[in-house]
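For reference, the structure discussed in these notes is given below.
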Amino acid sequence: MRPFWPTGRRGQQIFLMKRHSSSLASLVRWLDEIGRMTDEPGRLTRTFLSPAMRRANTRVGQWMRAAGLTVREDAVGNLIGRLESTAPGAKTLLLGSHLDTVRDAGRFDGALGVLLPIAALAELKRRGAALPFAVEVLGFSEEEGVRFASAYLGSKGYAGKLRAADLKFRDTKGVSVGDALRMLGKGKFSIPAAAHRSRALIGYLEVHIEQGPVLEAKKLSVGVVSAIAGQTRGRLTFTGKAGHAGTTPMNLRRDALTGAAELVLFAETLARGCEPLVATVGTVAVSPGAPNVIPGEVTLSLDVRHPHDASRRAALKLLLDVAKKIGRQRKLAVAWQATQDNGAVACSPELTARLEESVRTVQRRSLALVSGAGHDAVVISSLTPVAMLFVRCREGLSHHPDEFASSADLDVALRVVVDFLTRLAANTTS
Ligand code: GLV
Ligand code: MN
Ligand code: MN
């Protein structure tokens, strides 16, 4: 029987394009579906080990299985889909990103980097292509640092980088990371060792929306990341004395919030004058928190980033010195608890060169970008060389419900990853 599609080389191309678009359709559908899995009605919020995260892992696991992967969940809630290779001595290529989100998030940050590789592997399966290396698709359980103010708990667990101190961070309900993990494992938890030794790994590829405006300005669908900026996060607590808002004279107050406010404004002024330094206070907790009570204690989050580690450290030192000075002037105690400290990470020149080749094949032009956002690749770089593909997002907007990447751009990214896997397979001698 004659096939219903045109035959010959041209026909094969049309056939592959048609089939490719069905993987794209799946990807778009999956992004929509997972974008509705939330812990908060009316907005997308999915945090470490939450009910919505459990649902996301179950559903993404089903999509992984349908693409031919074997699925498991590790001790820190990472979802891992593995495709074995029959090639003798086959190494493993890692692909992935995170499935948690910020509060009131967009649908693409993280999820894209988990779902796109599944679509790419489904595409290769449909083509009947067998890879001479194993593949692991990783859906990390925690990258955003929302629940515990400390990011990368998932990738740290996978890379054997979790430390006892990480387990002590507490969420706003007082539950520690360790307690949450013990609940997940129904009573048992011991810090996992690295899932792989680097000799058995080829590298790690993370696909992510750009979260910035450069690709849009350059009219490009995708770009390649050269390095990821370092970041420090922590909690800064100002402690004064609570008291009656109607009876305590202004000059006798030790108001923790007015002291904290001075620091917030100083952080903004400092960063504005020291580009590309960025400094953000994203949360403020005021205690006891009543309109008629002078704030006795304020804890704020501080997030400081710079592409150069020495500049980031110098900025942090200045911020903490100024916080102490404010404390002395206002008779407030000041305490700093660092929850995260990651140096800048360079992507692997070899893997990146391969990725650029695929980008040039699909898009003709490749563009190198530095990432101001943190990514799981930062932690995974301790395990194996990393590369990242950025996908254009509308107005560079992210960490916002209007975050958007077009199907046309997702298609380009999918083609790049399929091309990358195909070339890597062609160049792998086992
Ligand atoms: C992760 O999204 C970050 O905060 O960079
Ligand atoms: Mn992300
Ligand atoms: Mn994010």
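The values are calculated or read from the model by the stated rules, or taken from the named source; none is laboratory data. Owing to the predicted nature of the structure, the values given are computational and were not obtained by experimental measurement. Every residue, glycine among them, receives a Cβ derived from its backbone with ideal geometry; neighbour counts consider all protein chains shown. We work out accessible area using only protein heavy atoms, side chains counted, and drop any ligands, DNA or RNA first. Shrake-Rupley method; radii C 1.70, N 1.55, O 1.52, S 1.80 Å.
To make sure I understand the rule: partners must be aspartates and glutamates, Cα under 13 Å from the Cα of LYS168, and not fewer than 8 residues away in the same chain. Which ones qualify?
ASP179
Which of rounded, prolate, oblate describes the range 164-238, given a ≥ b ≥ c as roots of the alpha-carbon gyration tensor eigenvalues and a/c under 1.5 marking rounded, otherwise prolate only if a/b is larger than b/c?
Values: a/c = 2.73, a/b = 1.54, b/c = 1.77.
Here the range 164-238 falls in the oblate category.
Rounded to the nearest 10 Å², what accessible area does ARG233 show when all protein chains are kept and the probe is 1.4 Å?
40
Once you have a ≥ b ≥ c as the square roots of the Cα gyration tensor eigenvalues for the range 116-219, tell me rounded if a/c is under 1.5, and otherwise prolate or oblate according to whether a/b is larger than b/c. Spell out each step's value before the answer.
Details: a/c = 2.41, a/b = 1.46, b/c = 1.65.
It is oblate, given that a/c is not under 1.5 and a/b is not larger than b/c.
Given H placed 1.01 Å from N in the peptide plane, which residues other than close sequence neighbours of ARG147 have an amide H under 5 Å from its amide H?
Here PHE48 satisfy the definition.
Of GLY203, GLY240, GLY113, which is the most mobile in a GNM of the chain whose springs link Cα atoms less than 10 angstrom apart?
Of GLY203, GLY240, GLY113, the Gaussian network model singles out GLY240 as fluctuating most.
So if the hydrodynamic radius of the range 320-367 is defined as the Kirkwood radius over C-alpha pairs, what does Stokes-Einstein give as its diffusion coefficient at 25 °C and 0.890 mPa s, in µm² per second? Walk me through the numbers before you get to the answer.
On the way: Rh = 15.1 Å.
Estimated via Stokes-Einstein, D reaches 162 µm²/s.
Let me know the shape class of the range 338-421, please: from the alpha-carbon gyration tensor, a ≥ b ≥ c as square roots of the eigenvalues, rounded when a/c is under 1.5, otherwise prolate if a/b is greater than b/c, or oblate.
Details: a/c = 2.30, a/b = 1.16, b/c = 1.99.
In terms of gyration-tensor shape, oblate.
Under a 10 Å cutoff between Cα atoms, tell me which one of GLY223, GLY282, GLY234 has the largest fluctuation in the Gaussian network model of the chain.
Top of the fluctuation ranking is GLY282.
What does DSSP give for the chain in terms of the percent of beta bridges that are antiparallel, rounded to the nearest 5? Let's see the in-between values first.
Numbers: 45 of 66 bridges.
Approximately 70 percent, going by the DSSP bridge assignments.
Just to confirm, what accessible area per residue do you get for the chain at 1.4 Å probe, in whole Å²? Walk me through the intermediate numbers first.
Details: 19540 Å² over 430 residues.
Counting only protein heavy atoms, the per-residue value for the chain is 45 Å².
Please list, in order, the residues from the range 144-177 whose amide nitrogen is less than 13 Å from a point placed 7 Å along the Cα→Cβ vector of ASP39.
144-150, 170-177
R0 = 60 Å: FRET efficiency of GLN62 with VAL264, Cβ-based, nearest 0.05? Walk me through the numbers on the way to the answer.
Values: r = 45 Å, r/R0 = 0.74.
My answer for the efficiency is 0.85.
Of all accessible surface on the range 162-204 at a 1.4 Å probe, what whole percent is carbon and sulfur?
Details: 1480 of 2740 Å².
Roughly 54 percent of what the probe reaches on the range 162-204 is carbon or sulfur.
Within the range 342-359, name every residue whose backbone N is under 15 Å away from a label modeled 7 Å from Cα of ASP309 along the Cβ vector.
Output list for this probe position: 342-347.
Could you order LEU318, LEU184 so the one with the most accessible surface comes first? Probe is 1.4 Å. If you can, show how the numbers build up before the last one.
On the way: LEU318 75, LEU184 40 Å².
So, going from the largest accessible area down, we get LEU318, LEU184.
Using only Cα atoms, tell me the angle between helix 8-34 and the longest principal axis of the chain; keep it within 0 to 90° and round to the nearest 10.
The helix 8-34 is inclined about 30 degrees to the chain.
Leaving out ligands, DNA and RNA but keeping every protein chain, what accessible area does HIS244 have, in Å² rounded to the nearest 10, with a 1.4 Å probe?
In the full protein context, HIS244 sits at about 100 Å².
Please give the charge dipole size of the range 289-430, origin at the Cα centre, charges +1 on K and R Cβ atoms and -1 on D and E Cβ atoms. Round to the nearest 20 debye. List each step's numbers first, then the result.
Working: 17 positive and 15 negative charges, 134 e Å.
The calculation lands at about 640 debye.
Give me the percent of the accessible area of the range 324-430 that comes from carbon and sulfur atoms, probe 1.4 Å, all protein chains in place.
Values: 2380 of 4870 Å².
Looking at the range 324-430 in its full context, I get 49 percent from C and S.
Could you tell me how many degrees, from 0 to 90 and to the nearest 10, lie between the Cα long axis of helix 256-273 and the main elongation axis, the longest principal axis, of the Cα atoms of the chain?
For 256-273 against the chain, the angle is about 50 degrees.
For n ≥ 4 DSSP H runs only, could you compute -39500 (n - 2.57) per run for the chain, divide by its residues and tell me the 222 nm figure to the nearest 500? Intermediate results must be reported in sequence, preceding the final value.
Details: 11 runs with 159 residues, N = 430.
It comes out at -12000 deg cm²/dmol, rounded to the nearest 500.
To the nearest 20 debye, what is the magnitude of the charge dipole of the range 67-186 about its Cα centre, counting +1 on the Cβ of each Lys and Arg and -1 on the Cβ of each Asp and Glu? Mind dumping the intermediate values first?
Numbers: 17 positive and 14 negative charges, 45 e Å.
For this selection, approximately 220 debye.
Only four residue types carry charge here, +1 at the Cβ of Lys and Arg and -1 at the Cβ of Asp and Glu. Report the dipole size of the range 187-339 about the Cα centre in Debye, rounded to the nearest 20. Don't skip to the answer; put the middle values down first.
Working: 20 positive and 11 negative charges, 109 e Å.
Dipole size: approximately 520 debye.
Excluding residues on the same chain fewer than 8 positions from LYS317, give the lysines whose Cα lies under 20 Å from its Cα.
Cross-link targets: LYS325.
Taking all protein chains together and a probe of 1.4 Å, list HIS308, HIS375, HIS400 from the most accessible to the least accessible. Present the calculation step by step, with values, prior to reporting the outcome.
Numbers: HIS308 115, HIS375 0, HIS400 65 Å².
Putting HIS308, HIS375, HIS400 in descending order of accessible area: HIS308, HIS400, HIS375.
Let me have the relative contact order for the range 97-207, percent, based on Cα pairs under 8 Å that are six or more residues apart. Spell out each step's value before the answer.
On the way: 127 pairs, mean separation 26.9, N = 111.
Once normalised by length, the contact order is 24 percent.
Compute the relative contact order of the chain as a whole-number percentage, counting only Cα pairs closer than 8 Å that sit 6 or more residues apart in sequence.
Details: 919 pairs, mean separation 88.4, N = 430.
Normalised by residue count, the contact order of the chain is 21 percent.
To test your reading of the geometry: what angle, between 0 and 90 degrees and rounded to tens, separates the Cα axis of helix 51-66 from the longest principal axis of the chain?
10
Taking the inverse of the average 1/r across all pairs of different Cα atoms in the chain, what Kirkwood radius in Å do you get? Walk me through the numbers on the way to the answer.
On the way: mean 1/r = 0.0434 Å⁻¹.
Hydrodynamic radius (Kirkwood, Cα only) of the chain equals 23.0 Å.
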